[in-house]
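Heads up, the thing below is written out as structure tokens.
The values are calculated or read from the model by the stated rules, or taken from the named source; none is laboratory data. Since the model is a prediction, treat every value here as computed from it, not as a measurement. Because the Cβ atoms are built from the backbone with ideal geometry, glycine has one as well, and the counts that use them run over all protein chains shown.
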């Protein structure tokens, strides 16, 4: 534990100050903290609890309840695989299997090299491109298991 948490999370201090007197600002603070640090480590949640006077269990409960919050770091490339109806009907499960095999991680996992995180989402809103995935905001549609593998291999090669 840090003696002075402000030293560990200095970028968070203006956000905490800005929202210090706002009732119901916990989600906003968590969103901004995640934007700063990429995820919400336990020590950061504890710091937010102390700074806001909200019980640590409540802060953790909110952070773990909402899907938008991450409690572990994500990879350099965040893969969002659509599992909506159109994608499901057009083979999203086969794409997911190919990605899990290619990456060596289960859905929700991050590769040991920290390069990729694979997440499934309910819908990306790109039904006409199904099956579809987004990687760091770029959309890849009309996927097949082999096409998905090639995309991952190209990104891995580019990162090397």
- Query: Is it fair to say residue 26 is modelled with pLDDT of 95 or more and either surrounded by 13 or more Cβ atoms within 10 Å (Cβ to Cβ) or outside the structural domain of residue 124 (by TED's automatic domain parsing) (or both)?
  - Reply: yes
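Here is a yes/no grid of residues against (1) within 19 Å of residue 37 (Cβ to Cβ); (2) within 14 Å of the chain's Cα centre (by Cα); (3) assigned by TED's automatic domain parsing to the domain that holds residue 34:
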{"residue": "60", "(1), (2), (3)": "yes, no, yes"}
{"residue": "71", "(1), (2), (3)": "yes, yes, no"}
{"residue": "88", "(1), (2), (3)": "no, no, no"}
{"residue": "130", "(1), (2), (3)": "no, no, no"}
{"residue": "140", "(1), (2), (3)": "no, no, no"}
{"residue": "143", "(1), (2), (3)": "no, no, no"}
{"residue": "146", "(1), (2), (3)": "no, no, no"}
- Answer yes if at least one residue in region 123-143 is within 17 Å of residue 75 (Cα to Cα), free of Cβ contacts under 8 Å to residues at least 12 places away in the same chain and outside any loop (DSSP other than H, G, I, E, B), and no otherwise. yes
- Task: Starting from region 20-49, take each residue that is touching a residue at least 40 places away in the same chain (Cβ under 8 Å) and list its partners that are surrounded by 14 or more Cβ atoms within 10 Å (Cβ to Cβ) and part of a loop (DSSP other than H, G, I, E, B), counting only C-beta distances under 6 angstrom and pairs at least six apart or across chains.
- Result: 47/9
